[in-house]
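See structure below.
Every number in this text was worked out from the coordinates using simple rules, so none of it is lab data. Being a predicted model, the structure only gives us computed values, none of them experimental. Here Cβ is always computed from backbone atoms with ideal geometry, including for glycine, and neighbour counts include all displayed protein chains.
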Amino acid sequence: MSKATVQWAGSRESEAPLVVLLHGRGSNETEMAALAASLPPELAYASLRGPVALGPSQFTWFENRGIGRPVPESLRQSLGWFREWTDEVASARPVTLVGFSGGCAFAGAAVLDDPASFAGAALLYGTIPFDAGVPTTPGRLAGVNILYAQGRDDAVMPAELMSASWHYLHEESGAALVASRLAGGHAISPEVHGQLVDFLRRVAGR
C-alpha cells in the first residue's frame, strides 16, 4: 500500500499522547486536520490520509459493499498498513482514535481488532463494521473508552446499521461508553464537538 500521508498539529513533544484523526470516505487528511485546531493543544494530532484512492484528492480506508459495509479483505489489508504506521510513529505513547463517517467504521475496526492498543476511540457519525472480519462479540470492548455520536437526521448512514451499532455499543460491547443521539445530520454538531474535547482531555490526556 502507499506510504502514509499525514498532517501534524498540536504538541510537538515526542511523548505527547497521540490522537489519530480519520476522515470520511471520499475526503482526505486536510478536512480532519482543520478539526485539530479546536481540540486540546497539549495533545499531538496526526490527520492521516486513507490508503485507498477513489479519485483526485479523494481517499477512503477500505473498499466497501455499500455504505458502512467494508469488504473484509480490503479492511484487513488497511488494518495491517495502519498497524505498521502506528508502531512506527507512536512508540510507547498512548494512541486515541477519532473517526468521522467512514473513518468511524475504520476506527471501530481498529479498536475491535486490537482493543488493548488504544487508549480509546471517538466514533462520530458512522457505524460499527459488522460482518467485516473483525470481532463484534459480546464484551469485546470491555473497559475500552468509547465516545459514540449519531445525528438523528443523518440521511447518509443506513438507519439499520446505526441502530445495530447503537445497540452493540450499549448492550453488548462492554465499552466504557459515552454516547449521544442528537438533532442534526451528517456533521459534527457543537454539542458533539464539546463532548469530543472533554473525551480527549479525559482519555487521551491521562
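Note on region 41-67: residues that are surrounded by fewer than 19 Cβ atoms within 10 Å (Cβ to Cβ), in contact (Cβ under 8 Å) with a residue 24 or more places away in the chain and in a loop (DSSP other than H, G, I, E, B) total 5.
Residues of region 145-167 include at least one that is in a helix (DSSP H, G or I), among the aromatic types (F, W, Y) and surrounded by fewer than 21 Cβ atoms within 10 Å (Cβ to Cβ). The single condition among (1) under 16 Å from the mean Cα position of the chain (by Cα); (2) touching a residue at least 60 places away in the same chain (Cβ under 8 Å); (3) assigned to a helix (DSSP H, G or I) that V111 does not meet is (2). Scanning region 68-108 for residues that are more than 16 Å from L177 (Cα to Cα), of a type outside the set (D, E, K, R) and not in a helix (DSSP H, G or I) returns G68, P70, V71, S91, A92, P94, V95, F100, S101.
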